[in-house]
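Undergrad: First, the structure itself, so that you have it in front of you.
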Amino acid sequence: MRSRILVSAIVMLLGLPASARAQRRVHPDAPHAGAVEVEAAALWTGGYDAGTSPANLTRNPSTGTAPLQLFQTSSRVSSTPGGEFRLGVYLTPTLSVEGGVAYSRPSLETKASGDFESAPDATLSVSVAEYLIDASAVYQFASIGRDRGGPFVSGGGGYLRQLYDGNVNLQTGSEFHGGGGLRYWLSEGRRRIGLRLEGRASVRTHSIDPEQQQKKRRVLPVFSAGVVFVF
């Protein structure tokens, strides 16, 4: 009986250093559950082709049955810079949830070509006010105690709102995204400031489309760089 107690005590004593080392993997300065992170960032969103469409007239039956094409239009939503604000809460030192609001002003560019009467090609550009409200989960791989930074991955979804033609026309849709990046801390302690770089793929449906193919999924690259505060 005494030998069993002695062996158990020795095992416990041998395990204490390993346990202490495991606890030191997350530095005491690392964000704790309930810590808040705020980010203000500049972003760039890629553009996408919005389809082509012929402008047809019905022929006089005496000249044939096929429609008469007056011209053809091709549309594109341009890539654009923008800005975003994000607010997050840490659930653990490595896992957080956050919400974000992004704003940008891409252009909807429509080009008319192949005119039946040989008129020169023309391009019409309309400004779009674009808002994206999203929520994400973020996992930080490296310890963010005394380390200067570490990689992270993120994923989530949101609500897309686009206003154009002088804010007369409204298009709403959904958005899902996934990606990752790097945090680089400029200071230490529970309250700290740093930089955050991120790239993600944004999958959107019901976005602006002159061809009325809003259900078509489009994948846009998004890159952001900002200043982040933790307190």
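The values are calculated or read from the model by the stated rules, or taken from the named source; none is laboratory data. Worth saying up front: this structure is predicted, and the values here are computed from it rather than measured. Cβ placement follows ideal geometry from the backbone for every residue including glycine, while neighbour counts extend to all protein chains displayed.
Undergrad: Would you mind telling me which numbered condition in (1) modelled with pLDDT of 95 or more; (2) surrounded by 15 or more Cβ atoms within 10 Å (Cβ to Cβ) residue 133 fails?
TA: Among (1) modelled with pLDDT of 95 or more; (2) surrounded by 15 or more Cβ atoms within 10 Å (Cβ to Cβ), the lone unmet condition for residue 133 is (2).
Undergrad: Taking residue 109 as the residue in question, decide whether it is part of a loop (DSSP other than H, G, I, E, B), at pLDDT below 90 and in contact with a Leu (Cβ under 9 Å, 6 or more places away or on another chain).
TA: No; evaluated as a whole, the condition is false for this residue.
Undergrad: Report yes if residue 168 is touching a Phe, Trp or Tyr at 6+ places or on another chain (Cβ under 6 Å), within 25 Å of residue 77 (Cα to Cα) and not charged (D, E, K, R), otherwise no.
TA: Spelling it out, it is not the case that residue 168 is touching a Phe, Trp or Tyr at 6+ places or on another chain (Cβ under 6 Å), within 25 Å of residue 77 (Cα to Cα) and not charged (D, E, K, R).
Undergrad: Here is a further query. When you check residue 66 against the structure, is it closer than 25 Å to residue 175 by Cα and either modelled with pLDDT of 90 or more or exposed (fewer than 13 other Cβ atoms within 10 Å of the Cβ) (or both), yes or no?
TA: No.
Undergrad: Okay, next question. Is there a residue being more than 21 Å from residue 41 (Cα to Cα) and surrounded by fewer than 19 Cβ atoms within 10 Å (Cβ to Cβ) anywhere in the range 194-204?
TA: There is no residue in the range 194-204 that is more than 21 Å from residue 41 (Cα to Cα) and surrounded by fewer than 19 Cβ atoms within 10 Å (Cβ to Cβ).
Undergrad: I'd like the full set of residues that are at pLDDT 90 or above and farther than 30 Å from residue 52 by Cβ, limited to the range 74-93.
TA: Passing the criteria: 83, 84, 85, 86, 87, 88, 89, 90, 91, 92.
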